[in-house]
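> One structure follows; several queries about it will come next.
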Amino acid sequence: MLSSAGRHCQRLYQTIATRHQLSCRRRRYLYDAHGSALYDKIVDLQEYYPYRTEINMLKNESPSIIEHIVPGSVIVELGCGSATKTGLILNALLERDGPEGCFFEGIDCSAEFLHSARRNLLDTCPGLLQGNLGTICALYLDGLKEARRRHPGKVLCVLWLGSSVGNLDSEQTMSFFRSVLSIGGSDTQLFVCADLWKDAGMLHAAYCDSQGVTEQFIKNGLANAMDVLGVHMPVLAGGWQYDVVVNADLQQVEMWVVAPCNFYVPGTDISIVQGERVLMEVSRKFTQTRLRGLAFQAGWCWQASWTDGKYSMQMLNSPR
Ligand code: AVJ
């Protein structure tokens with residue numbers, strides 16, 4: 001059960017999330033330009049293993065991954081960013097199916113990212129035909145609908161890299177899995193990467209790095225949220241404390257901040273007292289069984305998976 005302070009935290013978090021979605025066309029408060037730049041630094045951190053691990057796994061396993069992708073499928077990447085990993089799969093497909101048989105649609109809500117994704121893929125996948133390389137500036141599901149519309153009758157192979165599934169709770173994950181299935185239709189595939197539950201020390205270090213970059217990332221999100229909520233309070237100078245909790249019961253890493261003083265959120269009945277904890281981000285960690293269980297409950301069939309014990313990639317298939 002949540003303490004009353006705990007309930008407040010949840011409510012502040014919800015308020016931040018909803019308000020920000022309304023006012024910033026749903027671009028999340030953590031990933032504005034500054035937040036995205038900080039995230040780029042996070043993935044280079046010694047302690048932050050997921051990014052490197054995923055790239056290595058994609059590199060090593062691409063031949064075996066593409067064995068599960070039928071020739072002529074459209075590769076659709078959710079949140080492709082600047083598409084720095086996609087080439088690992090596309091090049092393996094290009095080698096097997098040739099330029100005429102290789103199609104890509106990248107979905108992202110940032111037009112700048114899509115621009116660099118395009119440049120990046122034309123650079124690193126020389127075989128990819130310009131006409132077979134599409135970009136869609138939209139949220140995941142709207143983008144997926146557009147990809148479906150652009151390629152009637154083709155099989156969609158949806159890539160969801162980066163372990164972003166860790167930011168959704170179980171309900172949201174299942175409802176998202178269901179939506180992907182219903183938009184993609186029969187013969188759709190979903191390739192999901194997810195970080196696995198592991199040693200608490202390693203998890204803690206990954207989200208509480210020695211250079212304090214993750215702390216800056218979270219505090220930038222807090223500053224954005226405060227702005228949107230109309231709370232005028234300097235976050236970076238204001239003594240907020242950053243605290244990472246590795247929650248074994250819920251198998252997730254929680255990124256909290258601790259309030260340095262009392263304040264009200266204007267226009268709401270939310271008041272925060274000094275020392276109160278506010279939950280800023282959750283990164284869920286999985287076991288392969290649990291992730292497959294969620295997919296299964298959402299109507300998907302499991303097709304294949306790859307893991308190094310720390311990280312996992314699952315290939316799911318729509319039922320036949
Ligand atoms: C983008 C969800 C993969 O949870 O590891 C990293 C976000 N936040 N450090 C993660 C994040 C703080 C990241 N994902």
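> Two decimals is fine: what is log10 I(q)/I(0) at q = 0.14 Å⁻¹ for the chain, from a Debye sum with one equal scatterer on every Cα and no solvent?
For the chain, the Cα-only Debye profile gives -1.14.
> Taking Rh as the Kirkwood radius computed over C-alpha pairs, what is the Stokes-Einstein D of region 176-262 at 25 °C in a medium of viscosity 0.890 mPa s, expressed in µm² per second?
Values: Rh = 15.9 Å.
Value of D from the Cα-based Kirkwood radius: 154 µm²/s.
> What size of dipole, in debye to the nearest 20, comes out for the chain about its Cα centre when the only charges are +1 on Lys and Arg C-beta atoms and -1 on Asp and Glu C-beta atoms? Present the calculation step by step, with values, prior to reporting the outcome.
On the way: 29 positive and 32 negative charges, 142 e Å.
Magnitude of the dipole: close to 680 debye.
> Per residue and in cubic angstrom, what volume does the convex hull of the Cα atoms of region 183-320 have? The partial results should precede the final answer.
Details: hull volume 21.5 nm³, N = 138.
With only Cα atoms used, region 183-320 gives 156 Å³ per residue.
> Just to confirm the number: angle between the C-alpha axis of helix 213-229 and the first principal axis of the chain, 0 to 90 degrees, nearest 10?
Between helix and principal axis, roughly 70 degrees.
> Go through 106-113, 214-221 and give me the packing order, highest mean Cβ count within 10 Å leading.
Numbers: 106-113: 19.6, 214-221: 22.2.
Put in order of decreasing packing, that is 214-221, 106-113.
> Using the Kirkwood formula on the Cα atoms of region 239-320, what hydrodynamic radius do you get, in angstrom to one decimal?
Details: mean 1/r = 0.0628 Å⁻¹.
Radius from the Kirkwood sum: 15.9 Å.
> If one takes the longest principal axis of the Cα atoms in the chain, at what angle in degrees, from 0 to 90 and to the nearest 10, does the Cα axis of helix 170-184 lie?
30 degrees
Bear in mind these aren't lab numbers, they're just calculated from the coordinates by the rules spelled out. Just so it is clear, the model here is predicted, and its values are computed rather than measured. We place every Cβ from the backbone using ideal geometry, glycine too, and count neighbours over all the protein chains shown.
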